[in-house]
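The values are calculated or read from the model by the stated rules, or taken from the named source; none is laboratory data. Just so you know, these numbers come straight off a predicted model, no measurement behind them. We place every Cβ from the backbone using ideal geometry, glycine too, and count neighbours over all the protein chains shown. For the accessible areas, the whole protein counts, side chains as well, though only heavy atoms, and no ligand, DNA or RNA atoms are used. Shrake-Rupley method; radii C 1.70, N 1.55, O 1.52, S 1.80 Å.
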Amino acid sequence: MTPDNHWILQCSEQEVINIKSSKNDYQYNAILKEIKYLRGMSDFIIDRRNSNRYRIMVKESVGNTAYCFSTPIYNIKTKTLVQTNFTTNKTGAVFKGTNGLISVNQNHCIFENNDGRCTITMSEVPEIYKKDTASKSNVIITPTLCGLRFTVKGNSFQLQLRSEAKQDSIRSNSLCFSVMKEKFKPFLSVASLYARDEKNKVLPVEIKYLDKGNQTYDISLFHSGKNGSLIFEVNLYEPKLFQDTTVESAHPDVNNAYGAVGFIGKTKEFGEQWLYSRPDFSKIPDIVSERIEKVLLHIPILNGSSENVDVYIPEKRFCSFGSTWNKKINASPKITVSNNNCRYLTVDVTTIFVNRTDRTLVYNEGLILKKPKGKNDFIAISTGDCYSAPQILEIKLKN
């Protein structure tokens, strides 16, 4: 197979036109829409020489800026930018993600790629009523970059998952259920995001499962509030730009390597929770030797919080698969505080990710995000494993 860094990955001319001229947000490609938001809603020109699955390269008056997403944004076969909307057909709707085909037929959601096939069966049948959404009164389904995001009315939801892929094991906790094709590589994951109760308060969504045999599982999702709604994702796996995990005091021996959300701060469900995160620059090898002016990490906020987090550096390398509250790596003294615009937490990571002498990206131990001491609330953010609201690493290249 052709190496990633030899691919010519482009978005279509029409997508650039939409960014420049469309007055309706839903007409934008969702990926380009987020870049436009980060750039203050101004128009921009895409550099089509980009050759990386994680990135959009934008031309500047001087130099270029790379917007690197935490999960790939191009389809692995067609090498085109993913359009996060459905195409309707006679039996339902289909969507082509970054590494697989996802279809909604009656009450079945089918996920398939070269590794196999998985079917999600629900008790309710969604009605497909517009191009970018399949919905019913109690369930709304929208595409992520490589799967589906479910928004469900009520405080609980049940589904059945049947996998027809080669399976090594199941890896699960209260936030994520993963069908593993290898010891450290999932085939597919069901990951909770958040809930809102009848008073619009944001709460965690927890997951439990029952093994029915024959690679079939009954999965329950629920939250502690009354009524309201809950949100979760189901995605085919893609390698990530960030290796990360949360650790939590209420479950001191639990690891959450594939969870899609972090409740940074304190909740009754998880106690105190931190996020450990480290970039994997092997995913963007052609930028590693470039001279860098500035690097910003943009982390989507899921609960609209206006709070900031404190940023630390791990004293030594952490393992995203082995880290727990009881085995967490100690943190250095606080190095900075994030900025918050209620849509993204932004951390200036230039001094951490860039060599001071030659201004190139440098190996580092990553970050630890915590709420300030004495704070009893939380901020819900995307981790590197979130496919509907990916993190974005903005890298301004020197001319």
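Only helices enter the 222 nm calculation for the chain: every DSSP H run of n ≥ 4 contributes -39,500 (n - 2.57), and dividing by all residues gives -1500 deg cm²/dmol, rounded to 500.
In a reduced charge model with +1 at each Lys and Arg Cβ and -1 at each Asp and Glu Cβ, the chain shows a dipole moment near 320 debye about its Cα centre.
Is the C-alpha gyration tensor of region 192-243 telling us rounded, prolate or oblate? Criteria: a/c under 1.5 is rounded; beyond that, a/b larger than b/c is prolate, otherwise oblate. It comes out oblate by the Cα gyration axes. Looking at region 129-235, the chymotrypsin sites (Phe, Trp or Tyr not before Pro) that sit in a DSSP loop and have at most 15 other Cβ atoms within 10 Å of their own Cβ are 184.
Largest first, the extents of the alpha carbon coordinates of region 205-320 on the three principal axes equal 52, 39, 28 Å. Full extension of the chain between residue 114 and residue 288 yields a length gain of 59.6 nm, computed as 0.36 nm times the residue separation minus the alpha carbon distance. Rounded to the nearest 20 debye, the dipole size of region 301-386 about its Cα centre is 220 debye, using +1 on the Cβ of Lys and Arg and -1 on the Cβ of Asp and Glu. 3J(HN,Hα) along region 357-370, derived from phi through the Karplus expression 6.51 cos²θ - 1.76 cosθ + 1.60 where θ = phi - 60°, amounts to 7, 9, 6, 9, 4, 10, 4, 8, 8, x, 10, 10, 9, 9 Hz, with x in place of Gly and Pro. I need the shape label for region 293-399. Rule: rounded when a/c is under 1.5, else prolate if a/b > b/c, else oblate, with a, b, c from the alpha carbon gyration tensor. Oblate.
Here the chain is described by how far its Cα atoms reach on the three principal axes: 58, 50, 42 Å, from widest to narrowest. Projecting the Cα atoms of 30, 322, 74 onto the dipole axis of the chain, where Lys and Arg carry +1 and Asp and Glu carry -1 at the beta carbon, places 30 farthest toward the positive end. Using a probe of 1.4 angstrom and keeping all protein chains present, the accessible surface of the chain works out to 43 square angstrom per residue. With the convex hull drawn around the C-alpha atoms of region 76-127, the volume per residue stands at 78 Å³. Note on residue 336 and residue 42: their simple-model spin labels are 2.1 nm apart, each label 7 Å out from Cα toward Cβ.
Surface composition of the chain: carbon and sulfur make up 47 percent of the accessible area, probe 1.4 Å.
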